[in-house]
Amino acid sequence: MNKTALNADLIKKYHQELVFNYSEYPTKNNWNYNFNDKEYKKSLVDWLGKNKEKPILFYVHTPFCEQLCYFCLCSKEITKNYESVKNYLYNYLFKEIDLLFNFLNEKKIVLNVKEIYFGGGSPTYYNDQDFQKLVEKLRSKFDFKKVGDFTVEIDPRRVDENKLLFYHKCGVNRLSFGVQEFDLEVQKRINRVQPVELFNKVLTNKVRETFNTFNFDLLVGLPGQTTETINKTMDKVINLKPPQIQPMLLAYKPWVRKYQVRMVNDGPLPDFLDRKKLFSIVTNRLEKAGYKRAGYETYVLPNDPIDKAMKEKKALFNSLGVQKGEANNFIAIGSSGQGVLGDEYYSQNYYSLDLYKKSIDAGKLPIYRGYKCNDDDKIRRQIMNYVRTYFKINFAEIKKVFNIDFKEYFKKELKFLEEHIKDGLVTLDENRMQVTELGSHFAPQIANVFDKFDPPNTSYEQRLQKIKEVQKNPS
């Protein structure tokens, strides 16, 4: 990495505590809370009616974990009572599946499901019998022969070789492991102790032969992380050689999850300068180990499916990270599940399990909020994806897709970018806008320039207040 990326003045200048990651645009705090069961059903009929053959990713959320990780912002419930998990699965998740597909069948709509993703919480919480029942339930609703990737998020503390091979018998062919960090003291501070030996036991030769690709999630900016600990962690990660790695900066939002303050009981988090330095160590180590960058926070081995998608300009950044782009449209079930249909509709289920269950008991799909994009939203959404994933915008391509003159349409934004150009983050000519190598480490901030709802001159206090207002009861 260009060492000027660590210039303290530059990092301080563009540092913002509340820069959205733009996995969606408009961001969720701008969605409509009057978008309910009826509105969602209208969106399904409208979009699916016009796009019958478009590939769908079917997302299933399991909001249960046995132990709390202090860094986690996911929607989940901590319980050791497995009967609560079974109650959710059989009495609510299954009912939601029936409600959804009964409606689709009534409207003679058949989902073209190409991918499946089990997220959480921890979908590894299910015992084998219940996991298999969930898969069988989905098999009864759509054609599994058309499914390509079937991903399950893995808590390595809850699985062994046999369990992973069982998943494969159920149709699973991709795994995503929560690694975060391998330093024991850091693991203790985030309440997630999982030594590297655990991964050596789980990622056996048979598992590696069975699953051609799998992902590691890493977190940068955790309490107690230093240049020494992060280098030792990267030694272990590179030795394990996962085909895909997503190093992400820690999001510290104690107003959303109050328990996050427990991470700082024994000292503060790394500040924004140290976080950038730690992140640069991770990216440098991965690049030296032969990994290729795929967007802002993803690294893959050459010829991995995401690498191929990047070359073919099909990759897409969304709530699951950088994906191959084969199924950009999400139908989501389970509490907090977030869906997206093309570039037109967003939707999200209730976070609260009580509200989620109450809605299903009333025979309604449990929609908490949603959004219908206008033409301007669609343009800006595409621009942000180009910035975060490919680090460049081709003006001719934008004109072809949206029939606009980029420089004229974004005259105001380009004026704001003059400072970024001056600082070497962006270059601009007659044909394209290019994010430089230095600028790629500020991609979310550059994407923020094109955010109409929360532009970069929005103050920290304004952003914080807006997010607090819509996240008063997120769980």
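The values are calculated or read from the model by the stated rules, or taken from the named source; none is laboratory data. This one's a predicted model, so the numbers in the text were calculated from it and none came from an experiment. Note that we place each Cβ from the backbone using ideal geometry, even for glycine, and neighbour counts take in every protein chain shown. The protein model used for the area step is the full one, side chains on, heavy atoms only, and it has no ligands, DNA or RNA in it. Shrake-Rupley method; radii C 1.70, N 1.55, O 1.52, S 1.80 Å.
Within the group Val172, Val110, which residue is over 22 Å from the mean Cα position of the chain (by Cα), under 22 Å from Ile331 (Cβ atoms) and outside any helix (DSSP H, G or I)?
Just a single option satisfies the conditions, and that option is Val110.
When you go through Tyr92, Tyr117 one by one, which is the residue that is touching a residue at least 40 places away in the same chain (Cβ under 8 Å), open to solvent by 10 Å² or more (accessible area, probe 1.4 Å) and assigned to a strand (DSSP E or B)?
One residue alone meets the criteria, Tyr117.
Name the residues in the stretch 259-302 that are more than 20 Å from the chain's Cα centre (by Cα), of a type outside the set (D, E, K, R) and assigned to a helix (DSSP H, G or I), would you?
Answer for the stretch 259-302, where residues must be more than 20 Å from the chain's Cα centre (by Cα), of a type outside the set (D, E, K, R) and assigned to a helix (DSSP H, G or I): Tyr259, Val261, Met263, Val264, Phe272, Leu273, Leu278, Ser280, Ile281, Asn284, Leu286.
Of the residues Gly325, Gly342, Gly321, only one is surrounded by fewer than 24 Cβ atoms within 10 Å (Cβ to Cβ), under 12 Å from Gln244 (Cα atoms) and of a type in the set (Gly, Ala, Ser); which?
From the options Gly325, Gly342, Gly321, the qualifying one is Gly321.
Could you please tell me which pairs satisfy a Cβ distance under 6 Å, a separation of 6+ or placement on different chains, a first residue in the stretch 70-81 that is on the phi < 0 side of the Ramachandran plot and in a loop (DSSP other than H, G, I, E, B), and a second residue that is among the β-branched types (Val, Ile, Thr) and at pLDDT 90 or above?
Tyr70/Ile190; Phe71/Ile190
Let me confirm something: among Tyr368, Tyr351, which residue is open to solvent by 20 Å² or more (accessible area, probe 1.4 Å) and part of a loop (DSSP other than H, G, I, E, B)?
Exactly one residue qualifies, and that residue is Tyr351.
Which residue, of Lys277, Lys292, is touching a residue at least 60 places away in the same chain (Cβ under 8 Å), charged (D, E, K, R) and open to solvent by 60 Å² or more (accessible area, probe 1.4 Å)?
Lys277
Can you name the number of the only condition in (1) in contact with a strand residue (DSSP E or B) (Cβ under 6 Å, 6 or more places away or on another chain); (2) in a loop (DSSP other than H, G, I, E, B); (3) more than 30 Å from Gly148 (Cα to Cα) that His420 fails?
The single condition His420 does not satisfy is (2).
May I ask you to say which residue of Asn394, Asn385 is in contact with a strand residue (DSSP E or B) (Cβ under 7 Å, 6 or more places away or on another chain), modelled with pLDDT under 95 and open to solvent by 10 Å² or more (accessible area, probe 1.4 Å)?
Answer to the selection: Asn385.
Do the conditions hold for Leu198, that is, is it in contact (Cβ under 8 Å) with a residue 40 or more places away in the chain and not in a strand (DSSP E or B)?
yes
For the list (1) open to solvent by less than 30 Å² (accessible area, probe 1.4 Å); (2) of a type outside the set (D, E, K, R); (3) in contact (Cβ under 8 Å) with a residue 60 or more places away in the chain; (4) in contact with a helix residue (DSSP H, G or I) (Cβ under 9 Å, 6 or more places away or on another chain), I need the number of the one condition that Gln67 fails.
Only one criterion is unmet by Gln67, namely (1).
I need a count of the residues in the stretch 42-64 that are closer than 24 Å to Lys114 by Cβ and either buried (at least 16 other Cβ atoms within 10 Å of the Cβ) or in contact with a Gly (Cβ under 8 Å, 6 or more places away or on another chain) (or both).
Matching residues across the stretch 42-64 total 14.
Taking the condition modelled with pLDDT of 90 or more, part of a helix (DSSP H, G or I) and crowded, with 16+ Cβ neighbours inside 10 Å, does Ile446 pass?
Judged against the criteria, Ile446 is a match.
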